[in-house]
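Q: Following this message is one structure expressed as structure tokens.
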Amino acid sequence: MKEYYLETVSLIERLHRLFLEVIKYELDNLKVEDINNTQALVLYNLGGEQISIGELTTRGCYLGSNVSYNLKKMVQYGYVDQVTSKHDKRSYMIKLSAKGVALCKKIDAALDKHVTQLEGEGITGLKDLVDTLRKLEVFWNKASVQRARFGVPPRKLK
């Protein structure tokens, strides 16, 4: 079981990196050169919502370390609009611009094509996989909350 547990963690990371490469390929096909794959994925995950920058990272829309740089570029190239928060004038809310919405529609069409290709390759069971990964997420959340609550230092991996 332990070897599958560790392999799962490794696969999650590798799959995320590979998915970013797939997004890069789709951007290249669309001849989109003013935004990178990470930024495009953030845009897609934003959808039609208006959220704060902090919420962007806590939701998992953004996994990188330099959110302010990427956000600045998305604003600069017209994919995202920044609006001052009504509740806190020091913070900003972000939402897709018309250009961002148009790109998201193209990415969505590409993902629809991928789903059809998955089915053609006989890749099934994604719902069960998602259910299992959500349970793993709950497990890790509980483990991290317990460590924080009881001040238990993290164990060193062998």
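Derivation of every value follows stated rules applied to the coordinates shown; laboratory data play no part. Keep in mind that this is a model prediction, so the values were computed, not measured. With ideal geometry, Cβ positions are generated from the backbone for all residues, glycine too; neighbour counts draw on all protein chains shown.
Q: Are there any GluC sites (Glu not before Pro) in region 1-52 that are in a DSSP loop and have at most 14 other Cβ atoms within 10 Å? List them by number. Show your work: numbers first, answer last.
A: Numbers: sites: E3, E7, E13, E21, E26, E33, E49; in loops: E33, E49.
Within region 1-52, the qualifying GluC sites (Glu not before Pro) (loop, at most 14 other Cβ atoms within 10 Å) are E33, E49.
Q: Hey, could you grab the Kirkwood Rh for region 49-125? Inverse mean 1/r over distinct alpha carbon pairs, Å, one decimal. Spell out each step's value before the answer.
A: Details: mean 1/r = 0.0693 Å⁻¹.
For region 49-125, inverting the mean 1/r across all distinct Cα pairs yields 14.4 Å.
Q: Checking the table K2/K95; K72/K105; K113/K142 against a 32 Å threshold on Cα-Cα, which pairs fail? If you can, show how the numbers build up before the last one.
A: Details: K2/K95 42 Å; K72/K105 22 Å; K113/K142 37 Å.
From K2/K95; K72/K105; K113/K142, over 32 Å: K2/K95; K113/K142.
Q: Still on this model: With 10 angstrom as the radius, rank M1, M93 by how many other C-beta atoms surround their C-beta, starting from the fewest. Let's see the in-between values first.
A: On the way: M1 5, M93 18.
Neighbour counts put them in this order, fewest first: M1, M93.
Q: How many nm separate the modelled label positions at N29 and E55, each set 7 Å beyond the Cα in the direction of the Cβ?
A: If labels sit at N29 and E55, their model points lie 3.2 nm apart.
Q: With just the Cα atoms of the chain, tell me how far they stretch along each of the three principal axes, in Å, largest first.
A: Principal extents (largest minus smallest coordinate, Cα): 48, 47, 25 Å.
Q: Can you give the charge dipole size of the chain about its Cα centre, rounded to the nearest 20 debye, using +1 on the beta carbon of Lys and Arg and -1 on the beta carbon of Asp and Glu?
A: Working: 25 positive and 19 negative charges, 184 e Å.
It comes to approximately 880 debye.
Q: Let me ask something additional. Could you tell me whether region 8-84 comes out rounded, prolate or oblate from its Cα gyration tensor? Rule is a ≥ b ≥ c as square roots of the eigenvalues, rounded for a/c under 1.5, then prolate if a/b exceeds b/c, otherwise oblate. Intermediate values should be presented prior to the final figure.
A: Numbers: a/c = 2.13, a/b = 1.21, b/c = 1.76.
Oblate is the answer for region 8-84, as a/c is 1.5 or above yet b/c matches or exceeds a/b.
Q: Please list, by residue number, every one of the chymotrypsin sites (Phe, Trp or Tyr not before Pro) in region 66-122 that is coil in DSSP and has at most 16 other beta-carbon atoms within 10 Å.
A: Numbers: sites: Y69, Y77, Y79, Y92; in loops: Y77, Y79.
Of the chymotrypsin sites (Phe, Trp or Tyr not before Pro), the ones in loops of region 66-122 whose Cβ has at most 16 other Cβ atoms within 10 Å are Y77.
Q: Within region 1-71, report the trypsin sites (Lys or Arg not before Pro) that DSSP leaves as loop and that have at most 14 other Cβ atoms within 10 Å. Intermediate results must be reported in sequence, preceding the final value.
A: Values: sites: K2, R14, R17, K24, K31, R59; in loops: K31, R59.
When the trypsin sites (Lys or Arg not before Pro) of region 1-71 are filtered for loop state and at most 14 Cβ neighbours within 10 Å, K31, R59 remain.
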